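Written below as structure tokens is the structure these notes are about.
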Amino acid sequence: MKKLIKQKESFLNDMLDGLKYRDTQIEIIEETVAVRKNKRDKGVAIVSGGGSGHEPAHAGYVAHGMLDAAVCGEVFTSPTPDKVLAAIKATDCGEGVLLVIKNYAGDVMNFEMAQEMAEAEGHRTASVIVRDDISIDNEEQRRGVAGTILVHKFAGYLSEQGLSLEQIRERTEEMMTGLYSIGMAVQPCLVPTTGAYGFDLAEDEMEIGIGIHGEKGIYREKIETADSIVNRLQDEIFKHTDSSHLIVMVNGMGATPDSELNIVTKYVMEGLESKGKSVSRLLVGNYMTSLDMQGFSLTVVEHDDYLAQALNAPTESKHF
């Protein structure tokens, strides 16, 4: 598959240079760190990031009401600690910085190293690790996937309400206990920096439980119709929650047409209605992708009135 790139070595920098023209509320510092141009003058800063290839995550959520900075690594590669440190220093206005980290070994290691470096320089920091991927049985090993975007939104809202660093960390940790995601793919992504597909998949096969870094799924099946796939994923999610009040995200993996996401959404909503579930907000689109993977993920979060208010609050991000 052909790619519209100049050279693989400049993929990240070229992408961020173009992003500056599309999103005029951000600026790029230290070559790969996206920060809000209008830096807050009070409150806790929210910083996240990770490897590139997940657009619009993470830089697309650098905006009032969500992130103060996003640290961008190379494709599917964690950003280095010095870049994370630069984001902390650029956004801290004296009330601390919360790091939102997806549960991948490189991200956890590099963000925690940056946290130690920042603390040594006098910055107050805290962190939360997102583990919403229920395709993995062991809770400690679950990956951070599309549900991370809802964490960005919730933490950003808490910051705008003036909560302290520790309060935001505690409430975000509590919110994540009711956050569940699972994804699937009918076509793997082509990684531009390697020129190779993440995995091989026959025309009549699908992967269930895919990650967001081009990884194959937890298991493989013969491809099914959209309604059967949705039922399969919902059955997995409802092994973990019996809540009747949900916020739901149908997330495209990068190459799934809106028409097909709409078809998926039809069966998601019909399935939830048949189970007596109330959906207070539905999000459909590309939120956390895997380059040009074709497939989708389903995320639900249990909520009370406060969480619903937080996720429905205005944000200047064009992608939420």
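The values are calculated or read from the model by the stated rules, or taken from the named source; none is laboratory data. Not measured: the values here are computed from a predicted model. So basically every Cβ, Gly included, is an ideal-geometry build from the backbone, and we count neighbours across all protein chains shown.
Show the residue pairs that are 6+ apart or on different chains and have beta-carbon atoms under 6 Å apart, the first residue being within region 195-209 and under 15 Å from Tyr219 (Cβ atoms), the second being among the aromatic types (Phe, Trp, Tyr) and loosely packed, with under 14 Cβ neighbours inside 10 Å. Pairs found: Ile208/Tyr219.
Could you list, in sequence order, all residues of region 258-297 that are more than 22 Å from Ser317 (Cα to Cα) and either outside any helix (DSSP H, G or I) or not assigned by TED's automatic domain parsing to the domain that holds Leu190 (or both)? Answer for region 258-297, where residues must be more than 22 Å from Ser317 (Cα to Cα) and either outside any helix (DSSP H, G or I) or not assigned by TED's automatic domain parsing to the domain that holds Leu190 (or both): Lys275, Gly276, Lys277, Ser278, Val279, Asp292, Met293, Gln294, Gly295. Given the criteria surrounded by fewer than 24 Cβ atoms within 10 Å (Cβ to Cβ), in a strand (DSSP E or B), β-branched (Val, Ile, Thr) and in contact (Cβ under 8 Å) with a residue 12 or more places away in the chain, does Ile46 qualify? Judged against the criteria, Ile46 is not a match. Could you give every pair whose Cβ atoms fall below 7 Å, whose first residue belongs to region 1-13 and is within 21 Å of Gln187 (Cβ to Cβ) and modelled with pLDDT under 85, and whose second residue is among the aromatic types (Phe, Trp, Tyr) and surrounded by 13 or more Cβ atoms within 10 Å (Cβ to Cβ), counting only separations of at least 6 or pairs across chains? Close Cβ pairs satisfying both conditions: Ile5/Phe11. Take Glu174 and tell me if it is among the charged types (D, E, K, R), in a helix (DSSP H, G or I) and either over 19 Å from the mean Cα position of the chain (by Cα) or surrounded by fewer than 23 Cβ atoms within 10 Å (Cβ to Cβ) (or both). Yes; evaluated as a whole, the condition is true for this residue.
Going through region 270-286 one residue at a time, which ones are free of Cβ contacts under 8 Å to residues at least 60 places away in the same chain and under 22 Å from the mean Cα position of the chain (by Cα)? The answer is Val279, Ser280, Arg281, Leu282, Leu283, Val284, Gly285.
Please work out which residue is surrounded by the most Cβ atoms within 10 Å (Cβ to Cβ), limiting yourself to region 223-268 and to residues that are in contact with a Phe, Trp or Tyr (Cβ under 7 Å, 6 or more places away or on another chain) and among the aliphatic types (A, V, I, L, M). Within region 223-268, the match that is surrounded by the most Cβ atoms within 10 Å (Cβ to Cβ) is Met253. For region 67-89, the count of residues that are over 26 Å from Val191 (Cα atoms), of a type outside the set (Lys, Arg) and surrounded by fewer than 20 Cβ atoms within 10 Å (Cβ to Cβ) is zero.
Might you check whether a residue that is in a strand (DSSP E or B) and either under 15 Å from the mean Cα position of the chain (by Cα) or outside the structural domain of Met113 (by TED's automatic domain parsing) (or both) occurs anywhere in region 53-68? Taking every residue of region 53-68 in turn, at least one turns out to be in a strand (DSSP E or B) and either under 15 Å from the mean Cα position of the chain (by Cα) or outside the structural domain of Met113 (by TED's automatic domain parsing) (or both).
Selection within region 107-147: residues that are touching a residue at least 40 places away in the same chain (Cβ under 8 Å) and surrounded by fewer than 20 Cβ atoms within 10 Å (Cβ to Cβ). The member of this set that is farthest from Tyr219 (Cα to Cα) is Arg124.
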